[in-house]
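Notes for the one structure printed next.
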Amino acid sequence: RMPKRGGRRRKTRTNKAEEVSEKELRQTPRCFIFKRGEVGGHVKDLIQNMREVMLPNTAKNLKESKMNRIEDYLAVAGGLHISHFIIFTSTKASTYMKLVKLPQGPTLTFRVDSFCLTRDVKVTQKRPRGFDRESTNAAVQVLNNFGAAVSAASGVGRPCPKPLVAEMLRSLFPAVDVPNFNEANCRRAALFHYDPESDHVHFRHFHVTKKPFGLDRGVSKLLRTVRLPKLGNKEDIADFVLGGGGAASDSEIETTQEAHGKDGKIGIRLTEAGPRMKLLLVKAEEGVCNGAVLYHRFATKTPTQQEVLEQKAKQRRKLKERNDMLTKRAGLDKDKKKKRLAKVEKAAETSRRAREALGEYDDVDEPPAEAPKAEASAGGGGTKRKRFNPLYKQKEKGGAAGKEGTVEFGDADKSGAKGKGKGKGKGK
């Protein structure tokens, strides 16, 4: 526990991260392990178990989403120095595992014919071990029977027909530095065994323990300093020693292999940790899941068909590059247009403010409050303008029209009488 200070816990030990050189970052393989599409619960557990196998060079708590695409993982892979993708998918027929080498491929597709989870392996063990201490160092990789495969029909040794598989699996784990190898860091082993008869690749994962060589199992149990054996049910210690120290479980290998260490001869013991997988190569293709097919187990093509497919794949790559270039160019043009419009608007605003400061206005920029004043000063010599009354206007027009267009009978009679009398008088 951390000591308390002022009601809060104070951390006294701080583990500083070791500085890793850029060369070591590039040489150490790292991988992302994730699923694509809908998978079952057992496959999800298998993905988590494979992440534990690939520790510490993988993301154990990688978050996945249905919206994520392969391009999204590729976008972040470069900055994190990711060299491989292990992708699990499921269909109604079977479960598949894709092994992808970044950044340019190739891609291998394996069919998972059978698998066993870590918890299923630990059930059969008498004393299962955990991953707390062992996960700090990468597992030592062992490739068996990939150099030469023996045909069941002829019985004659021949080169392995899958050299690409061996090379891809070899690059999945960091290489062993023999001059600077530390035995204490060898705590796990990952085994890939090729069966030429069934053409399957078997995967196993083991814990590695060391003990003095040449001692019986019972004696070695008595000499160890931790997890001492229980002798309460034994009448004599000889029964425990001669009995081999108790029976072991099926997943524990009793045979101790001799090896040469710094302290002389030591014994190496392997305890299976899980998971197990039985893989069958189905397809090999170029690129990252979208290139030309190099090998297919169930579909054979003539050289002409293969050439046509390669040309189509090349055209798809060119079209994708062209689309990416056009998209990038369109984005740049759009940004340039926005900057140009912003510059024009800024210049117009600056000029408008300058004209306002000088008291000069254009027809568009003329303030609306000054227009009635100008009309009033022009029409009435600066007097206040009267309110518009349409009835008053109609009344004036009606009065004027009445004076001009109407005839008064009294006036007409007088004028007629005058004219008639004058005429009569003149005629007379």
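Throughout, read-outs are computed from the coordinates displayed, never taken from laboratory work. Bear in mind that the values here come from a model prediction, so they are computed numbers and not experimental data. In this analysis, Cβ positions are derived from the backbone assuming ideal geometry, glycine residues included, and neighbour counts consider all displayed protein chains.
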Label-point gap, in nm, between L74 and E167 - each point 7 angstrom along Cα→Cβ: 2.1 nm
Karplus-derived HN-Hα couplings along region 273-286 (A = 6.51, B = -1.76, C = 1.60, θ = phi - 60°), whole Hz, x at Gly and Pro: 10, x, x, 10, 8, 10, 10, 10, 5, 10, 8, 10, 9, 7
Computed E for A59/L242 - FRET, C-beta separation, R0 45 angstrom, nearest 0.05: 0.35
Per-residue ³J(HN,Hα) for region 190-202, Karplus 6.51 cos²θ - 1.76 cosθ + 1.60, θ = phi - 60°, Hz, x for Gly and Pro: 10, 10, 10, 10, 9, 9, x, 6, 9, 6, 9, 10, 9
Label-to-label distance, nm, for residues given as N145 and K234 (7 Å Cα→Cβ offset): 3.9 nm
Estimated inter-spin distance, K265 and L358, nm [label 7 Å along Cα→Cβ]: 10.6 nm
Ranked packing of 102-111, 304-313, most packed first, by mean Cβ within 10 Å: 102-111, 304-313
Members of K23/K339; K63/K162; K63/K210; K60/K122; K44/K211 lying beyond 31 Å, as alpha-carbon distances in this model show: K23/K339; K63/K162; K63/K210; K44/K211
Spin-label zone in region 95-112 - amide nitrogen under 19 Å from a point set 7 Å from the Cα of K301 along the C-beta vector: 105-110
Packing-based order for 283-291, 192-200, using average beta carbon neighbours within 10 Å, highest first: 283-291, 192-200
Additional length obtainable on full extension of the chain from N182 to C289, 0.36 nm per residue less Cα span: 34.7 nm
